[in-house]
Amino acid sequence: MFNAILLNRKEDGTTDASLTQLDDAQLPADGDVTVRVDYSTINYKDGLAITGKSPVVRKWPMVPGIDGAGDVIASSHPDWKAGDTFILNGWGVGEAHMGCLAQRAKLKGDWLIPLPSGMTARAAMAIGTAGYTAMLCATALQEQGVAKDSGDILVTGASGGVGSIAIAILSAWGYRVVASTGKLGEADYLKSLGATDVIDRAELSAPGKPLQKERWAGVVDSVGSHTLANALAQTRYGGAVAACGLAQGLDLPASVAPFILRSVKLIGIDSVMAPKAKRLDAWQRLARDLDTAKLDRITKEITLRQALDSAHDILAGKVRGRLVVNVNA
Ligand code: NDP
């Protein structure tokens, strides 16, 4: 038997989330690698799954947890053997395939990547999908020619998981980073991660003009809606915006003006189905470039039971940085 968070759909369509015990026979039959999870994490999407606020769960009952790290117990996949250490991010785990907010999981070997040498399972989960997505965004800006001397980089949703790690990465790479936040009281925290300036997100969150004063060489946006529209309208000629999130909304009330008059590039970032080569590259860069002291400052450790409440907190925007879940505590 092992401990797990289990989600069930109630008759009225709401989600029941509880801490329970499962046995191996309840793990999915279509996995080929059984793993011991050391750490998982609470991402925004885990918050949506556990609270049932959005229909991210597509099979019931479900163990949530889109991220996990630990070691292999048994494998029939040629690339994995008992004792190997792994990271799992996405691939529909915690949505359509039982996830990692549990002490055990049965996953597909094709989904797993090795834990980079020198990185602990706890650090990998402190980074989690949020941090790996931040790296995909930062890399996308670089690939689009946004250089450290191109000008300021705007990071929205700055005190959140994606935002905090994006600031740490970009500042480590020598970029000048401006953090947009609703928590101005966290300005010192954001500066300690590497932000040069901090602005009030209210400057970006209301409807704005299609073209505005050119401010940003690049943008990492985890917020969407009017914030993304204004960020596009303020991006300098030839600049790039990496869009990965929807904390303000799924809509994009923008015009084509920034694209056709300033050659602004809007780059979509998806972490869930990203190919393995991209993941390996992102995780190697994270192992190399992310300052572990900053990661510790971003991270709070919680238990599986506490994860149930934290799911509500993350949707309420109350979480600063990253929550790592010690599933064995
Ligand atoms: P967090 O909840 O940790 O961070 C989101 C941050 O957005 C909050 O901390 C807050 O920052 C800001 N925010 C919250 N509500 C609003 C609002 N109404 N208007 C403006 N800003 C708001 O989540 P994550 O960092 O884990 O994820 C951020 C987004 O990215 C989510 O939408 C998530 O679904 C998405 N995502 C997408 C991925 C992909 O593959 N495309 C992968 C990972 C995440 P502050 O208080 O500083 O303003």
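The values are calculated or read from the model by the stated rules, or taken from the named source; none is laboratory data. Here the structure is a predicted model, which is why all the values come from computation and not from measurement. Virtual Cβ from ideal backbone geometry, glycine too; neighbours counted across all protein chains shown. Heavy atoms of the whole protein, side chains included, go into the accessibility calculation; ligands, DNA and RNA do not. Shrake-Rupley method; radii C 1.70, N 1.55, O 1.52, S 1.80 Å.
Pick out, from region 187-292, the helices (runs of 4 or more DSSP H) lying fully within it that include 1 or more residues that are within 14 Å of the ligand (Cβ to nearest atom). First the steps, then the outcome.
Numbers: elements: 187-193, 202-205, 225-233, 257-262, 276-289.
Those helices (runs of 4 or more DSSP H) span 187-193, 202-205, 225-233, 276-289.
Given the structure, is residue 157 more than 20 Å from residue 248 (Cβ to Cβ) and at pLDDT 95 or above?
no
I'd like the full set of residues that are loosely packed, with under 14 Cβ neighbours inside 10 Å and either among the β-branched types (Val, Ile, Thr) or more than 17 Å from the chain's Cα centre (by Cα) (or both), limited to region 306-316.
Across region 306-316, the qualifying residue is only 309.
Output the residue which, of all residues in region 293-305 that are under 28 Å from residue 171 (Cα atoms) and open to solvent by 80 Å² or more (accessible area, probe 1.4 Å), is nearest to the ligand (Cβ to nearest atom).
300
Is there any pair linking a residue in region 147-162 that is under 26 Å from residue 185 (Cα atoms) and within 6 Å of the ligand (Cβ to nearest atom) to one that is open to solvent by 20 Å² or more (accessible area, probe 1.4 Å) and of a type in the set (Asp, Glu), with Cβ under 9 Å and at least six apart or on different chains, and which?
Filtered contacts from region 147-162: 158/186; 159/186.
Select, from 84, 16, 30, 24, the only residue that is more than 15 Å from the ligand (Cβ to nearest atom) and free of Cβ contacts under 8 Å to residues at least 12 places away in the same chain.
Numbers: 84 fails: free of Cβ contacts under 8 Å to residues at least 12 places away in the same chain; 30 fails: free of Cβ contacts under 8 Å to residues at least 12 places away in the same chain; 24 fails: free of Cβ contacts under 8 Å to residues at least 12 places away in the same chain.
The unique qualifying residue is 16.
Of all residues in region 1-40 being small (Gly, Ala, Ser) and within 25 Å of residue 74 (Cβ to Cβ), which is farthest from the chain's Cα centre (by Cα)? Give the steps one after another, and end with the answer.
Going through region 1-40, the residues small (Gly, Ala, Ser) turn out to be 4, 13, 17-18, 25, 29, 31, 40.
In the following step, the residues that additionally are within 25 Å of residue 74 (Cβ to Cβ) were identified as 4, 25, 29, 31, 40.
On the way: 4: 21, 25: 30, 29: 28, 31: 24, 40: 12 Å.
By that ranking, first place goes to 25.
Enumerate the pairs (first residue in region 115-138 and closer than 16 Å to residue 85 by Cβ and open to solvent by less than 20 Å² (accessible area, probe 1.4 Å); second residue anywhere and in a helix (DSSP H, G or I) and aliphatic (A, V, I, L, M)) with beta-carbon separation below 6 Å, excluding pairs fewer than 6 apart on the same chain, so at least 6 apart or on different chains.
Final answer for the pair search is 116/287; 126/295; 127/286.
Give me the strands (runs of 3 or more DSSP E) completely within region 19-136, filtered to those with at least 1 residues that are under 15 Å from residue 271 (Cβ atoms), ordered by residue number.
33-42, 67-75, 85-89
What number goes with the only condition from (1) crowded, with 22+ Cβ neighbours inside 10 Å; (2) in contact with a Lys or Arg (Cβ under 9 Å, 6 or more places away or on another chain); (3) of a type in the set (Phe, Trp, Tyr) that residue 283 does not pass?
(2)
Mind telling me which of the residues 263, 222 ends up being assigned by TED's automatic domain parsing to the domain that holds residue 140, surrounded by fewer than 21 Cβ atoms within 10 Å (Cβ to Cβ) and among the small types (Gly, Ala, Ser)?
Matching residue, one of 263, 222: 263.
Select from region 173-186 the residues that are in contact (Cβ under 8 Å) with a residue 40 or more places away in the chain and within 12 Å of the ligand (Cβ to nearest atom) and list them in ascending order.
180, 182, 183, 186
Between a residue in region 238-260 that is without any contact (Cβ under 8 Å) to a residue 60 or more places away in the chain and any residue that is in a loop (DSSP other than H, G, I, E, B) and within 8 Å of the ligand (Cβ to nearest atom), which pairs come within a Cβ distance under 7 Å, given they are 6 or more apart or on different chains?
Hits for this filter: 243/269; 248/223.
Please work out which one of (1) touching a residue at least 60 places away in the same chain (Cβ under 8 Å); (2) away from the ligand (no atom under 16 Å from the Cβ); (3) within 30 Å of residue 164 (Cβ to Cβ); (4) among the hydroxyl-bearing types (Ser, Thr, Tyr) is the condition residue 51 fails and give its number.
For residue 51, the exception is condition (2).
Could you please let me know if residue 49 is of a type in the set (A, V, I, L, M) and either within 13 Å of residue 87 (Cβ to Cβ) or within 15 Å of the chain's Cα centre (by Cα) (or both)?
So residue 49 passes the test.
List pairs: first in region 200-226 and on the phi > 0 side of the Ramachandran plot and at pLDDT 95 or above, second of a type in the set (Asp, Glu) and open to solvent by 40 Å² or more (accessible area, probe 1.4 Å), Cβ under 8 Å, 6+ apart or cross-chain?
Qualifying pairs under 8 Å: 224/251; 225/251.
Of the numbered conditions (1) touching a helix residue (DSSP H, G or I) at 6+ places or on another chain (Cβ under 9 Å); (2) more than 13 Å from residue 41 (Cα to Cα); (3) not small (Gly, Ala, Ser), residue 280 satisfies every one except a single condition; which is it?
Condition (1) is where residue 280 drops out.
Look at residue 93 and say whether it is without any contact (Cβ under 8 Å) to a residue 60 or more places away in the chain and either under 24 Å from residue 321 (Cβ atoms) or basic (Lys, Arg) (or both).
Values: without any contact (Cβ under 8 Å) to a residue 60 or more places away in the chain: yes; either under 24 Å from residue 321 (Cβ atoms) or basic (Lys, Arg) (or both): yes.
Yes.
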